[in-house]
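Chemist: To start, I am sharing the structure in question, which I have written as structure tokens.
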Amino acid sequence: MKLLPRVLAAFSLAFSLVAVSIAQEEPIDLTDRDCPEYFKNNTFTNSPWLWRDHITNFDYELFFSLNPNLTNPNLPASSQNITEILLAASRTTRVRPTRISYPLAVSYSAVKSVCTATSGLYEWPLISDTLTTWILPLFGLIVSLPWESNRRGHTILMIFRWIGSPFATLTYIFWNLRAIGRAATLADLGVPRRPRNNNTPSKGIEDEENGIELDGTSNLTQRPSEEELDPNTQCLENLDPDNGIFTSVRDSFAILCVMNQYKLSSRLPISESTLRQNILSALFLDDDVARRPGLTKYRAHVAIEIRRVRKRGVVPVLASLGWYFFALAISMYKAFGDVGDNATAHNLALGLLMGWLPVLVATAIIDRNNVDSEHVVKLLNSLMQIIHNHEVTFTKFVGQGRRRWHYGVAHPILSMLERYPERLQRPVDWARVAKACVSDNWLGYETRTFSINYFNKWEFVHMLAAWLTLGMSVLGAWYISYNTPTVGLGCRSFSYAMFLAFCTFTGLVELPLYPIIYRPVKKKHTGDILVGEGFRGYIRSKKFRGQMSVTLAGLDVISTLILFTTVFMQTTGAFQFYWCRASLFGNRGGYIVFDTVGDIRRFFDARMYWMVGAIVSSMVPGLGTLWVLREWLTQSFLWSGDVTKARRGLGSVRVWKGFWWWVRWRGKLNMKWLKGGVGWRP
């Protein structure tokens, strides 16, 4: 019996030793609120877990100036030994880092051994503030995108397309807007103006009012058909009192812009040059010239129907963008009024990250779709069927970046019209110009800009503009998150960089394939069968196009998930993991700053970094929206259902362009190399 107490005592001693060893190995496991307080109460300048290596963006010169008794006066600030300074501060009595204005930066390994994995999610007031300030306005913008009704699968795919690949999508939309802008310009040139006193210019003196310069034609030789377009012939101007010329010209270019949004049939048994001639005939020629009775009347009917079924609500959608700018202003005011607070900085970065979304919504709304796309495609096919006996010319609506590698028919038609001739008198008789284009032989120019499959050089300008729209938004947000202590590549900045990398990679894979990818119309002569061999034939095949579409769609899904995950984690505070706050992805992190907002504001100069990021990112929605408003105001006369209001709108456009013509030193700063198309005095 005496042995039993001894065994129990030995067992108790062993159990105690094991418990003590386990307690020494396991972390204290403090809660998210107790962890910062623990280090604030137990950290001194000689504590082993205090970070003594270089702290990025910390103002060491200010720190040295505030502690002259601890520094070596014979050494410059760059040569001071921070470890010796910290140890010397606690040589006699233990001093806390904040006492000598040094940041409370604790190594991640020490935090990991004491605290839990996360510092906790945001509290509900902060989450609700993010929801009302950013999430709901951004959701409203996404809802405002031009979705199509009763197409669930297509809607899901378009979410991944628009949100996951804004670089490529904006490129296509910018290209379509440029085509509409060129069409509006040519329509303006075909409408008579108010007559002037000296309508006929003197010989040897350039007619600044009636002269029209067509860019990109000075180095081209004059074609034979241009003889019937004598530049010396004076076109008598009239006021067009019944708006007959205005209506005809406006209808022709409006229908061309709508055709540009539809996919051509791959089974069209005619050559590309014949297709262009047929489109010109259907849009611009009269019944007698085209030898098709009822063509003019049906063309007017198609234009009326297109405007009737065209989606409205451009003004309310553009006005709704004001809520985004209002939220951005509130977030900036709060951020710069509370510089140094991490939650405020990252909420501002969240709004700036999505700065490209208002531009995407605004441009997609201006490049408007129709309420019933199937009805419109039937109208277009019926119009083309009057010219050629083929039932299907266009198949489905693919505008607003819905289909990869869509080029449209507007650019080659507009290029042909702009090329005839170098000098014309205003107003331009586009029916006469179109007849000359139809009568001419364009087979020798299939590889030039008049080809439906030609990759125009201005596409590179739109690619650059699209990437800057996306890149400046994301990089500005990344700059704020990266330079908010702990400075370095953390979870937030890394996710921003990943989203931009995926979008850029997808665009750089998709857009360079533009000139070589398979397209429906590739015939130089009717009946041609283009057969490719080897690798070149494979990359130009329909099979390769389908495989690349599936691959790029997968990348779009990944980038969309990255963005949605980033927004969700930032809203809820799931990025508050300590290994995220320690910025372990790069070489600058490895520690966590537990300082107060005032210390961060004083020693890390966060205001300067936040200001740079906010300016860079906010320029995108601001300048982008102004450009979209300018495009809409100068093109909207094509889509008005009231002819009188449309004519009045064209007059306002002429006043606007005339003002900027004088601002640009009488047109000398037109930058034709950048905008392309037509340059003229309004």
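Chemist: Take the cross-link list LYS297/LYS543; LYS297/LYS645; LYS457/LYS645; LYS396/LYS657; LYS435/LYS542 and give me the ones stretching past 32 Å between alpha-carbons.
Modeler: Working: LYS297/LYS543 42 Å; LYS297/LYS645 22 Å; LYS457/LYS645 36 Å; LYS396/LYS657 35 Å; LYS435/LYS542 35 Å.
Going by Cα-Cα distance, LYS297/LYS543; LYS457/LYS645; LYS396/LYS657; LYS435/LYS542 fall outside the 32 Å limit.
Chemist: Here's another thing I want to ask about it. For the residue pair LEU87 and PHE585, what label-to-label distance in nm results when each label sits 7 Å from Cα along the Cα-to-beta-carbon direction?
Modeler: With each label placed 7 Å out from Cα toward Cβ, I get 3.6 nm.
Chemist: What's the FRET efficiency of ASP286 with ASP242 using the Cβ-Cβ distance as r and R₀ = 22 Å, to the nearest 0.05?
Modeler: Rounded to the nearest 0.05, the efficiency is 0.85.
Chemist: Within the stretch 136-159, whose backbone N sits under 13 Å from a point 7 Å along Cα→Cβ of HIS375?
Modeler: none
Chemist: Here's another thing I want to ask about it. For the stretch 26-114, what is the charge dipole size about the Cα centre, in debye to the nearest 20, if Lys and Arg each add +1 at the Cβ and Asp and Glu each add -1 at the Cβ? Each step should come with its number before you reach the end.
Modeler: Values: 8 positive and 9 negative charges, 62 e Å.
Around 300 debye, computed over the stretch 26-114.
Chemist: May I pose another question? So, R0 is 35 Å and r is the distance between the beta-carbons of LEU121 and ARG152; what FRET efficiency does that work out to, to 0.05?
Modeler: 0.60
Chemist: Work out how much length SER652 to ARG312 would gain on full extension: take 0.36 nm times their residue separation and subtract the Cα-Cα distance, in nm to one decimal.
Modeler: 120.3 nm
Chemist: Taking only the alpha-carbon atoms of the stretch 26-114, what semi-axes of the equivalent ellipsoid follow from 5 times the gyration tensor eigenvalues under a square root, in whole Å, largest first?
Modeler: 27, 13, 11
Chemist: At a Förster radius of 45 Å, what calculated FRET efficiency corresponds to the Cβ-Cβ distance of HIS301 and ILE330, to the nearest 0.05?
Modeler: Taking R0 as 45 Å, the efficiency between HIS301 and ILE330 is 0.35.
Chemist: What does a probe at ARG99 reach in the stretch 46-65, counting residues whose amide N is under 19 Å from the point 7 Å along Cα→Cβ?
Modeler: 46-52, 63-65
Chemist: Evaluate the distance, in nm, between pseudo-label points positioned 7 Å from the Cα of LEU626 and of VAL550 along their respective Cα→Cβ axes.
Modeler: 4.7 nm
Chemist: Along the positive direction of the dipole of the stretch 26-114 (beta-carbon charges: Lys, Arg +1; Asp, Glu -1; about the Cα centre), which of SER90, SER47, SER113 reaches farthest?
Modeler: Value computed over the given set: SER90.
Chemist: For the stretch 63-70, in order, what is each residue's ³J(HN,Hα) by Karplus, 6.51 cos²θ - 1.76 cosθ + 1.60 with θ = phi - 60°, in whole Hz (x at glycine and Pro)?
Modeler: 4, 5, 5, 7, 10, x, 6, 9
Chemist: Roughly what would the spin-label model give for ASN69 and THR395, points 7 Å off Cα along C-beta, in nm?
Modeler: Going from the ASN69 label point to the THR395 one covers 8.4 nm.
Chemist: Using 0.36 nm per residue, how much length does the chain from ASN46 to GLN385 gain when fully extended, once their Cα-Cα distance is taken away? Spell out each step's value before the answer.
Modeler: Details: separation 339, 0.36 × 339 = 122.04 nm, distance 8.79 nm.
That pair, ASN46 and GLN385, stretches by 113.3 nm at full extension.
Each value in this text was obtained by applying a stated rule to the coordinates, not by laboratory testing. Please read all numbers here as calculations on a predicted model, not as lab measurements. Reconstructed Cβ throughout: ideal geometry from the backbone, glycine too, with neighbour counts over all protein chains shown.
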